[in-house]
Amino acid sequence: MLRIGQSSKLIWVACFSVCISIVCISFGSVSIPIATIIEGIRSGEGVYWTVISELRFPRVFVAFISGALLAMSGCLLQTLLRNPLADPYIFGISSGASLGVLGALVFAVPAFSVAFGFLGAGLVIVLVALIARRGANWNPYRLILTGVMVSAGLNALISLILVLSPPNMMKGMIFWMMGDLTHAQPRVWAGVLALLIIVVGIVFGRALDAMSLGSERALAIGVSVKRLEYAVYLLASSAAVAVVVEGGAIGFVGLVVPHMIRMTGVWSHRYLIPMSAFVGGAMVVVADTLARSVWAPLQLPVGVMTALIGVPILIYLLNKRSDVRH
Amino acid sequence: MLDTRDLAVMIGGKVLLSGLSLNVDLGENWAILGANGTGKSSLLRLLSGIDAPLKGRVLVDGVEMRTFSKKSLARQIGLLPQIEEDQYWGSVEEYVGLGRFSHAVGLWAKSDADQIMIQRALENFDISSLSGRDYRSLSGGERQRARLASLMAQDPQLFLWDEPLENLDYSGQMQFLSWVCELAGEKDKASMMVVHDVNMVSRFFTHTLMVFADGTHLAGACSETLTISNLEDLYQTRFDQVIHDGVRLFVPRV
């Protein structure tokens, strides 16, 4: 394999993912040539400009930020839990949010669905932390099992509500639970959160690298493990919440993107975190573009597309990297 | 360098070792001996500051250990635990470089001092040729060498090792132990090591801490503590003593 430094890989990936997102602006029910996009941005008027600024750009922005947050969240949780199967929803955050949103629909207050989603997810974050932290140690096994149990319990409740609810409500809910950006709104604070995680990833990158050896070894090296674990838990969970309340439980990105990047030889969190943001962002932008164009005018849930894109890429990389013992 | 006052080792409310008042000075090379499950690893966790003692005190240069920040403590005392998790994806050189965490000042580049220490540690454990390899692709013995090298790179005043000879071949063991001897003798550092090979102890170490199954202990110079009757008490096994090359060796009997 060609030896390229981690920093140059980061720069290439950043450029590529921004370019691909711009290209995706031109796709949709009305196809807009790139030249017209540039023309529209320059002049700032015209029908195309309206389509771009009112519809396409916000959509691509939401998709990019969602992907970035999910991928970074997954990356942080895989390190925190020392478990390659960790993803942003492992603590049941998506189930908590789903239950909140469902609750809003059931109680016929759809205007509050985002607020209810926040409430549900927030309760899950607190609940899991309280149960898992009862002992002296922040034990990854305990944390992971607590999360899986909480999420299993919530999922049972969700299934119950879905089964009992009228059929016309069910389809919308299922879409939302699979991840659907149709009604997602771009939020500035989501972007701010993404930047914050990138900064934390870079500043505490070495400490996070040490964490992959387990908390005992990290402590012995001089890492303030407890503080770092709290910070990682809170940041990763908030990132997942920020995505879920707007776009539903878009799956697969948070699980797969960090692995894809590690398999290309980038492993240090100082590069891994920012790179996850770009790759995750680009992946969801592409998936969302496909989801709204391949079956147009029918819109598919973006979560289906992320899996369809991610699975072949990951399997390809897994087979290519035969020199690493897993 | 390190003092303990009436320290107790407890696991889940059960007292494994109590009343430990130890004084470890620079230049000393301690072996910690004891049967399995007598609390040796837990003791190292207390001495390194990873766990806080429930009873008793640990002092570093006369100062309460808990007043140190994690980083400044790691520059004084370094521990290599017996087991660690295995989700590390970097190269061997970067792995060894993790030991420099407590010395790091900048965000990105390593200082010249860091680079020198890392290279020296790689050379000392004969793994310079592996420095660019993925850590995960190493064999068990090679990994152990990299682990030892990372604590060497950390360069604390007191080195704590939990069964470091595991997975090392004989040449690796001899090299490592003579280096630890040199560390204590010439570099004026101190070392404490959990080992099970009594003959290595009589050859290379200056002091012994014996931890008995009933929670008592015996600490002192090897010349006084390493006796057949003490070893028989310690391991509940009969021993013969052989003098070879002026060194007392102990052979367990069936």
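The values are calculated or read from the model by the stated rules, or taken from the named source; none is laboratory data. Remember, it's a predicted structure, so these values are computed and weren't measured experimentally. A quick note on method: Cβ atoms are made from the backbone with ideal geometry, for glycine too, and the neighbour counts reach across all protein chains shown. Side chains included, ligands, DNA and RNA excluded: accessible areas come from the protein's heavy atoms. Shrake-Rupley method; radii C 1.70, N 1.55, O 1.52, S 1.80 Å.
Residues that are open to solvent by 10 Å² or more (accessible area, probe 1.4 Å) and within 14 Å of another protein chain (Cβ to nearest Cβ): does the stretch A:167-190 have at least one? No, because not a single residue in the stretch A:167-190 is open to solvent by 10 Å² or more (accessible area, probe 1.4 Å) and within 14 Å of another protein chain (Cβ to nearest Cβ). Scanning the stretch B:150-172 for residues that are part of a helix (DSSP H, G or I) and in contact with a helix residue (DSSP H, G or I) (Cβ under 7 Å, 6 or more places away or on another chain) turns up B:Ser150, B:Leu151, B:Met152, B:Ala153, B:Gln154, B:Gly172. Every listed requirement among (1) without any contact (Cβ under 8 Å) to a residue 40 or more places away in the chain; (2) part of a helix (DSSP H, G or I) is met by A:Trp295 save one, (2). When the residues of the stretch B:222-245 are narrowed to those that are touching a helix residue (DSSP H, G or I) at 6+ places or on another chain (Cβ under 7 Å) and more than 28 Å from B:Leu7 (Cβ to Cβ), which ends up surrounded by the most Cβ atoms within 10 Å (Cβ to Cβ)? Here the residue is B:Phe239. A search for C-beta distances below 9 Å between a residue of the stretch A:205-224 that is within 7 Å of chain B (Cβ to nearest Cβ) and part of a helix (DSSP H, G or I) and any residue that is open to solvent by less than 10 Å² (accessible area, probe 1.4 Å) and among the charged types (D, E, K, R), counting only pairs 6+ apart in sequence or on different chains, returns A:Ala210/A:Arg217. Filtering the stretch A:82-96 to residues that are within 14 Å of another protein chain (Cβ to nearest Cβ) and either small (Gly, Ala, Ser) or open to solvent by less than 10 Å² (accessible area, probe 1.4 Å) (or both) leaves only A:Ala86. Residues of the stretch B:201-221 that are hydrophobic (A, V, I, L, M, F, W, C), open to solvent by 10 Å² or more (accessible area, probe 1.4 Å) and closer than 14 Å to B:Leu177 by Cβ: B:Phe204, B:Phe205.
For the stretch A:246-258, the set of residues classified as of a type in the set (A, V, I, L, M) and either without any contact (Cβ under 8 Å) to a residue 12 or more places away in the chain or open to solvent by 10 Å² or more (accessible area, probe 1.4 Å) (or both) consists of A:Ala249, A:Leu255, listed by residue number.
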